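Scroll down for the structure; my scribbles are underneath it.
The values are calculated or read from the model by the stated rules, or taken from the named source; none is laboratory data. Fair warning: this is a prediction, and the values are worked out from it, not measured in the lab. A quick note on method: Cβ atoms are made from the backbone with ideal geometry, for glycine too, and the neighbour counts reach across all protein chains shown.
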Amino acid sequence: MHPQKLRFLFLYSRLPDYFYRCVEYLVSVEYPDALAWIVCHEGEDDAPYRFEGITPNIRISSKAELQEIDSWNPDLIYVAGWADKKYNKIAGRWKAKVPVILGVDNPWKGTIKQRIATIFAGNFLNNIATHVWVPGCRQYEFVRRLGFSPSKILFHLYCADSRKFYRTDMPFRKRIIYAGRMVAYKRPDWLTEVFASLITTFPELGDWELLMVGNGPLYEPLKQQYGGFSQISMMPFTQPEKLVELYHDSCIFCMPSLNEHWGVVAHEAAAAGLALLLSDSYGAASAFLIHGFNGYVFRSKEKYHFQQQLLNLMRLEEQDLTTMGKRSRQLSATINHTTWSANLTSVLNDA
């Protein structure tokens with residue numbers, strides 16, 4: 001048995017809305033008498049989340065307040081990655097006292113850098129964490145090579161606030177939506193270029209629209225380049241509440257990233273009932289996309305294959321895309337706040 005008022009400490013980098021909602025559920029529903037303290041870095045300009053009406057038993061602060069950790073006395077510590085030296089020092093000091101969970105979202109790619117890490121970083125990480133938490137199977141392979149035993153590896157690290165994105169009715173609009181930072185590795189330029197080419201080459205696709213949502217260095221160049229296309233709209237970063245409305249007024253979600261460790265936005269889009277188009281290097285595709293069932297996967301280094309798969313989706317009948325959207329929602333339910341909380345707190349019962 002554990003004391004009634006558990007204390008959870010989360011050492012995070014830049015706090016996204018979806019992670020805050022996971023913690024909020026943890027201490028509001030699963031452990032309503034518990035306390036949570038989230039320590040994080042300053043927010044990003046590309047994703048300026050607002051947290052309004054913070055739950056009373058959640059504290060959010062900067063690293064400057066970590067000097068109070070001894071008096072706060074956490075029962076469990078979660079550390080997002082191992083890049084922050086101060087967080088690592090705290091983890092190493094508390095590992096012998098309480099469970100310390102290390103979050104890792106790096107997929108195994110077999111690079112020279114990763115192979116070196118398996119030789120030299122494994123002992124270090126095992127000395128600062130009792131458990132490791134990964135989003136999916138690609139990350140599992142990496143942490144196994146870092147020396148963590150299967151019994152010390154948790155799954156489903158990342159979880160969208162699915163309830164926020166669910167919809168009961170399924171209105172249909174021929175619109176594709178991109179929601180993410182406008183940066184090179186996510187390749188929003190691939191989507192705008194290919195979409196513009198398709199609606200020009202195939203006049204019968206002229207009733208399709210494309211909505212690009214997000215901040216970043218490519219935002220203004222893309223806005224200027226495709227401003228002449230009435231079917232292409234650009235919108236800056238929007239808070240999750242507004243994003244829900246945009247999803248519900250679209251039927252396809254597309255993220256043509258070259259590399260994506262996971263991508264919670266795909267979970268959100270699946271929960272909203274959209275067909276998905278993701279690259280084969282998009283981590284979350286392993287959980288929320290079955291090729292041909294609720295969307296398509298394209299080969300990440302082949303623009304022609306991306307174009308063909310987008311064309312295939314745009315040529316589907318309304319009924320087929322609606323069915324894919326319903327299947328996406330089914331897949332989205334496999335990871336939720338309840339399972340996230342259960343995974344986190346399972347270490348409290350570890351033998």
Exercise for the section: Return the total of residues in segment 82-119 being of a type in the set (A, V, I, L, M, F, W, C) and assigned to a loop (DSSP other than H, G, I, E, B). Expected result: 6
Exercise for the section: Tell me, please, whether a residue that is touching a residue at least 60 places away in the same chain (Cβ under 8 Å), outside any strand (DSSP E or B) and either crowded, with 23+ Cβ neighbours inside 10 Å or in the same structural domain as ALA287 (by TED's automatic domain parsing) (or both) can be found in segment 215-225. Expected result: yes
Practice task
Filter segment 6-23 down to the residues that are in contact with a helix residue (DSSP H, G or I) (Cβ under 9 Å, 6 or more places away or on another chain) and of a type in the set (D, E, K, R), then identify the one that is nearest to ARG163 (Cα to Cα).
Solution key: ARG21
Problem - Leading residue by the ranking (farthest from SER197 (Cα to Cα)) among those in segment 278-287 that are out of contact with any helix residue (DSSP H, G or I) (no Cβ under 6 Å at 6 or more places or on another chain) and part of a strand (DSSP E or B) - result: TYR282
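To keep it simple, each residue is scored yes or no on (1) in contact with a helix residue (DSSP H, G or I) (Cβ under 6 Å, 6 or more places away or on another chain); (2) buried (at least 18 other Cβ atoms within 10 Å of the Cβ); (3) over 22 Å from LEU157 (Cα atoms).
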{"residue": "GLY263", "(1), (2), (3)": "no, yes, no"}
{"residue": "ALA271", "(1), (2), (3)": "yes, yes, no"}
{"residue": "LEU289", "(1), (2), (3)": "no, yes, no"}
{"residue": "ARG299", "(1), (2), (3)": "yes, no, yes"}
{"residue": "GLN330", "(1), (2), (3)": "no, no, no"}
{"residue": "ALA342", "(1), (2), (3)": "no, no, no"}
Practice task
Return a yes/no flag: does segment 135-143 have any residue that is free of Cβ contacts under 8 Å to residues at least 60 places away in the same chain, surrounded by 13 or more Cβ atoms within 10 Å (Cβ to Cβ) and not in a helix (DSSP H, G or I).
Solution key: no
Handout entry: Check on SER233, assigned by TED's automatic domain parsing to the domain that holds THR323, of a type in the set (Gly, Ala, Ser), surrounded by fewer than 24 Cβ atoms within 10 Å (Cβ to Cβ) and modelled with pLDDT of 95 or more
Key = yes
Fill in the blank from the handout: With the first residue restricted to segment 122-134 and required to be free of Cβ contacts under 8 Å to residues at least 40 places away in the same chain, and the second required to be part of a helix (DSSP H, G or I) and β-branched (Val, Ile, Thr), Cβ contacts under 8 Å at 6 or more apart or on different chains are VAL132/VAL143; VAL134/VAL143
Problem - Any pair with Cβ under 6 angstrom, 6 or more apart, that starts in segment 203-214 at a residue that is in contact (Cβ under 8 Å) with a residue 40 or more places away in the chain and ends at one that is in a helix (DSSP H, G or I) - result: LEU205/LEU198; LEU205/ILE199; LEU205/MET314; TRP208/MET314
Fill in the blank from the handout: By residue number, the members of segment 164-194 that are of a type outside the set (A, V, I, L, M, F, W, C), in a helix (DSSP H, G or I), touching a residue at least 40 places away in the same chain (Cβ under 8 Å) and out of contact with any Pro (no Cβ under 7 Å at 6 or more places or on another chain) are TYR185, LYS186, PRO188, THR192
Problem - Scope segment 257-276; condition in a loop (DSSP other than H, G, I, E, B) and under 23 Å from THR322 (Cβ atoms); matching residues - result: ALA272, GLY273, LEU274
Handout entry: Unmet requirement for MET234, which otherwise passes all of (1) of a type in the set (A, V, I, L, M); (2) in contact with a helix residue (DSSP H, G or I) (Cβ under 9 Å, 6 or more places away or on another chain); (3) not in a strand (DSSP E or B)
Key = (3)
Practice task
Inspect segment 309-327 for any residue being in the same structural domain as PHE172 (by TED's automatic domain parsing), out of contact with any strand residue (DSSP E or B) (no Cβ under 9 Å at 6 or more places or on another chain), of a type in the set (D, E, K, R) and in a loop (DSSP other than H, G, I, E, B) and give the result as yes or no.
Solution key: yes
